[in-house]
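S.K.: Pasting a structure below so you can have a look.
The values are calculated or read from the model by the stated rules, or taken from the named source; none is laboratory data. Everything quoted here is computed from the prediction, not taken from an experiment. Every residue, glycine as well, gets a Cβ built from its backbone with ideal geometry; the counts of neighbours run over all protein chains shown. Note: accessible area is taken over every heavy atom of the protein model, side chains too, but ligands, DNA and RNA are not part of it. Shrake-Rupley method; radii C 1.70, N 1.55, O 1.52, S 1.80 Å.
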Amino acid sequence: MSRHAIVLAAGAGRRFGGGKLVAPWRGEPLIRRPVRTALAARVADVVVVLGSGREAVATALQPLADARLRVVVADDWSTGMAASLQAGLRALPESATSVCILLGDMPGVPAGLVDTLLDRIDAGAPAARPVHPDGPAHPVAFARSTFAELMTLKGDAGARSVLQRLRGDLALVPIDDPGVVFDIDRPDDLDADVSWAG
């Protein structure tokens, strides 16, 4: 099995006011936490997709020296999340059998969840996602069998339509940790009093 991770970090963070992914969160730029979570998993590599503010985000990642960390740029990032996702998928090797998609503004994803989701793919599920009492959560993992469909997506809907189509075969991982539903949307969120297991 050739397992991989993609961290989507291309958005402009307009509701935040810009510069969201390099804003300080618990003593370091926000983007480092989800990337570090991805690197802690049993994956062959971690592809970080940049777009808006790419130079600043790339600089923020430099201390995470890891041979598995790769950075790519989605030149069409402004057309929506689908463009960033597809830039990440194009960067994967042909040998890739699965990928876990993390969001750059979700720093609370618990350690070990990426591997748990990818394990479900290894066991035969076409996709896997955590489910929190508050609803569907992130990150989400996909098998290679879904990559072609993911490459047809457009706009900012992400992979929602693919997950809906796979609903009957989707592997669901129940989890209570608030980190799977908490994202940094506005500056006040940086100081949110939330406890994470990860």
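S.K.: Please find, in a Gaussian network model of the chain (springs between Cα atoms separated by less than 10 Å), the residue of VAL114, VAL47, VAL162 whose mean-square fluctuation is greatest.
M.R.: Of VAL114, VAL47, VAL162, the most mobile in the Gaussian network model is VAL162.
S.K.: Using the Karplus curve 6.51 cos²θ - 1.76 cosθ + 1.60 with θ = phi - 60°, work out ³J(HN,Hα) for each residue of segment 175-189 in order, rounded to whole Hz, and write x for Gly and Pro.
M.R.: Each residue's phi maps through the Karplus curve to give 7, 9, 4, x, x, 7, 10, 8, 10, 8, 10, 9, x, 4, 5 Hz.
S.K.: Can you pull the accessible area of LEU30 for me, 1.4 Å probe, Å² to the nearest 10?
M.R.: 0 Å²
S.K.: Comparing LEU89, LEU170, LEU64, which has the greatest mean-square fluctuation in the GNM of the chain with Cα pairs linked when under 10 Å apart?
M.R.: Among LEU89, LEU170, LEU64, the largest mean-square fluctuation in the Gaussian network model of the chain belongs to LEU64.
S.K.: Would you mind checking which residues have amide H under 5 Å from VAL140's amide H? H placed 1.01 Å from N; only 5 or more apart, or other chain.
M.R.: Correct list: ILE101.
S.K.: Keeping the other protein chains in place, figure out the carbon and sulfur percent of the accessible area of the chain, with a 1.4 Å probe. Write down the numbers at each step before the final one.
M.R.: Details: 4510 of 8990 Å².
Ligands and nucleic acids excluded, carbon and sulfur give 50 percent.
S.K.: How compact and how long is segment 18-87, expressed as Rg and Dmax of its alpha-carbon atoms in Å?
M.R.: So, for segment 18-87, Rg and Dmax equal 12.0, 32 Å respectively.
S.K.: Would you kindly find the accessible area of ARG3, with a 1.4 Å probe and non-protein molecules such as ligands, DNA and RNA excluded, rounding to the nearest 10 Å²?
M.R.: Counting only protein heavy atoms, the figure is 20 Å².
S.K.: While we're on this one: Give the Kirkwood hydrodynamic radius (Å, one decimal) of segment 78-164, defined as one over the mean of 1/r across all pairs of different Cα atoms. Don't skip to the end; give the middle numbers.
M.R.: Details: mean 1/r = 0.0743 Å⁻¹.
Evaluated on segment 78-164, it is 13.5 Å.
S.K.: Please list 3J(HN,Hα) in residue order for segment 4-14, calculated via the Karplus relation 6.51 cos²θ - 1.76 cosθ + 1.60 where θ = phi - 60°; whole Hz, with x for glycine and proline.
M.R.: 9, 9, 10, 10, 7, 9, 9, x, 7, x, 4
S.K.: Answer rounded, prolate or oblate for the chain, using the Cα gyration tensor with square roots of eigenvalues a ≥ b ≥ c: rounded when a/c is under 1.5, else prolate when a/b is larger than b/c, else oblate. Write out the running numbers ahead of the final one.
M.R.: Numbers: a/c = 1.42, a/b = 1.22, b/c = 1.16.
Rounded, since a/c falls under 1.5.
S.K.: Please list, short to long, the whole-number percent of alpha-carbon pairs of segment 24-138 in consecutive 10 angstrom bins beginning at zero.
M.R.: Result returned by the calculation: 12, 44, 36, 7.
S.K.: Specify the inter-centroid distance of segment 106-138 and segment 36-75, based on alpha-carbon positions, in whole Å.
M.R.: If you average the Cα positions of each part, the centres end up 20 Å apart.
S.K.: If you don't mind, another one. Say we join alpha carbon atoms closer than 10 Å with springs in a Gaussian network model of the chain; which of ALA137, ALA96, ALA38 then has the biggest fluctuation?
M.R.: Result for the chain, Cα springs under 10 Å: ALA96 fluctuates most.
S.K.: Can you put THR59, THR37 in order of accessible area, largest first, using a 1.4 Å probe?
M.R.: On the way: THR59 80, THR37 20 Å².
So, going from the largest accessible area down, we get THR59, THR37.
S.K.: List, in order, the whole-Hz ³J(HN,Hα) value for each residue of segment 131-144 obtained from phi through the Karplus relation with A = 6.51, B = -1.76, C = 1.60 and θ = phi - 60°; use x for Gly and Pro.
M.R.: 10, 9, x, 7, x, x, 9, 10, x, 10, 10, 9, 8, 4
S.K.: Another one. Compute the signed sum of charges (Lys and Arg +1, Asp and Glu -1) over the other residues within less than 10 Å, Cβ to Cβ, of ALA127.
M.R.: Values: positive: ARG120, ARG129, ARG165, ARG167; negative: ASP169.
Net local charge, ALA127 excluded: +3.
S.K.: Another question about this same structure. How big is the antiparallel share of DSSP beta bridges in the chain, given as a percent to the nearest 5?
M.R.: Values: 10 of 32 bridges.
In the chain, approximately 30 percent of DSSP beta bridges are antiparallel ones.
S.K.: Counting only the heavy atoms of the protein chains, how much of ASP189 is accessible to a 1.4 Å probe, in Å² to the nearest 10?
M.R.: It works out to around 40 Å².
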